[in-house]
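Notes for the one structure printed next.
Any read-out appearing in this document is the output of simple, stated calculations on the displayed coordinates, not a laboratory observation. Worth saying up front: this structure is predicted, and the values here are computed from it rather than measured. Cβ sites come from the backbone with ideal geometry, for glycine too, and all protein chains shown count toward neighbours.
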Number of protein chains: 2
Amino acid sequence: MTTVEERENLSATDSTLNPRIVPLPVDPKLRKVQDDFIRKWGEMGAIWGINRTMAEIHALLYITGLPLCTDDVMDRLHISRGNASMSLRALCDWGIIRRMHRRGERREYFESLGDVWEMFSIIAAERKRREMDPVLETIKQCIRELEPDRIGKLAEDEAFRRTRQRLDGMEEFMSVTNKIFQQFVGNAKSGLNKVVRVLLKAL
Amino acid sequence: MTTVEERENLSATDSTLNPRIVPLPVDPKLRKVQDDFIRKWGEMGAIWGINRTMAEIHALLYITGLPLCTDDVMDRLHISRGNASMSLRALCDWGIIRRMHRRGERREYFESLGDVWEMFSIIAAERKRREMDPVLETIKQCIRELEPDRIGKLAEDEAFRRTRQRLDGMEEFMSVTNKIFQQFVGNAKSGLNKVVRVLLKAL
DNA sequence: TTGAATATTCAGTACCTATTGAAACTTTAG
DNA sequence: CTAAAGTTTCAATAGGTACTGAATATTCAA
């Protein structure tokens with residue numbers, strides 16, 4: 001971690017060189033709260049299907065509400081440059097953080113989306129696409145392969161009937177779930193979206 | 001895997017000893033369909049927060065709709081006794097498969113719940129308890145720690161205000177989500193439950 | 001109580017994912 | 001163009017989770 005010292009030496013001797021927008025040292029009380037949040041968010045990355053480091057970086061950007069650069073992230077979370085770089089890129093790919101250029105600055109900054117609803121919509125959309133859609137496709141394929149014209153008189157066999165029944169149950173469930181996701185994901189640009197408003201009113 | 005042969009030799013010489021309720025060999029067409037389903041379900045275990053083997057065992061029990069014993073599972077999925085035992089127990093703990101005794105039989109059998117809605121309710125309830133509740137608790141704790149009477153005049157500081165704002169946004173989101181889960185989980189004993197019916201009507 | 005059938009546990013290992021850190025690459029100011 | 005700043009890549013490896021299979025425990029019929 002020589003980079004840190006180097007950078008701090010530089011700022012000490014010439015504070016206009018490589019100035020970070022927000023110095024990392026922060027009021028200890030605030031910092032504790034932020035760290036608690038970051039830790040928990042990291043542990044719970046599983047909910048998102050995201051690994052710990054990615055979750056922590058996101059948590060840091062979200063909770064501070066500031067654009068931070070790679071070095072800020074490295075310093076605050078004690079992770080390597082490579083890790084920070086890859087994870088930041090992955091978060092950008094997900095679309096829940098964004099790159100930010102500052103006029104006249106070389107360094108790139110990253111900031112989190114501020115709207116939680118939008119963030120979760122994005123995540124939901126992506127996971128639906130990656131995880132639910134393929135399963136639904138497989139199930140439909142399975143049902144097709146068990147259609148009577150493919151299996152002939154075996155269609156009456158007990159084992160076939162049971163399996164087809166189970167496939168039907170699963171298909172119904174996933175189709176309905178899919179539709180709901182679609183809605184949630186579709187009009188979710190900001191704030192409580194339609195799905196949620198409908199539910200809150202009705203319950 | 002000597003166990004398999006031993007067991008099969010036994011059945012060959014004395015078919016009343018250790019009879020498995022359903023012989024594993026199954027019509028190849030049906031078997032292919034079941035295997036496709038099992039494979040995909042295993043790959044997608046992540047959705048559930050469950051590992052591949054557990055997901056595959058569950059898929060097998062679900063798709064066949066039959067009570068199977070540990071050896072059936074081992075043979076069909078080519079996994080070790082230890083693995084089968086641990087995974088079956090974990091699935092029982094989740095509550096999505098059940099142990100079954102057959103009168104006059106020593107061996108234990110396992111069968112999957114048949115109602116997909118009930119299964120997912122159970123899973124949702126468990127994940128909410130394990131994953132969402134602790135995060136919400138942490139967030140509330142963070143908000144408490146940033147209350148003006150704890151941090152005094154710092155409450156007006158820009159950094160504090162931003163962090164508090166972010167915490168509030170997250171809290172709103174998670175509280176609402178939590179309520180919806182609660183409903184889904186509460187009255188979900190069977191079939192399309194209230195939450196889903198409300199949504200389907202409204203959308 | 002005994003022993004055969006069955007079930008569970010767990011130390012060791014295989015396998016896989018995440019992380020590091022140094023080298024290679026890119027960009028821009030001068 | 002060159003040097004300095006910044007970014008990305010990737011081989012090596014650390015670290016963690018899942019799996020095996022033999023040892024141990026449990027159950028039940030006789």
Label 7 Å beyond Cα on the Cβ vector: B:E131 copy-to-copy distances, nm: 0.6
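Evaluate peptide B:166-173: per residue, the Cβ atoms of other protein chains within 10 Å of its Cβ; return the mean as an integer. Could you put the intermediate results ahead of the total?
Working: counts 11, 5, 1, 7, 7, 1, 4, 7.
That works out to 5 on average.
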Over the whole of B:38-47, what's the average partner chain Cβ count within 10 Å per residue? Rounded to a whole number, please. 4
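Would you mind ranking A:R166, A:R89, B:R127 by Cβ crowding within 10 Å, fewest neighbours first?
Lowest to highest Cβ neighbour count: A:R89, B:R127, A:R166.
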Candidate lysines for bridging to A:K194, where Cα separation is under 27 Å - those fewer than 8 sequence places away on the same chain excluded: A:K128, A:K179, B:K128, B:K140, B:K179, B:K189, B:K194, B:K201
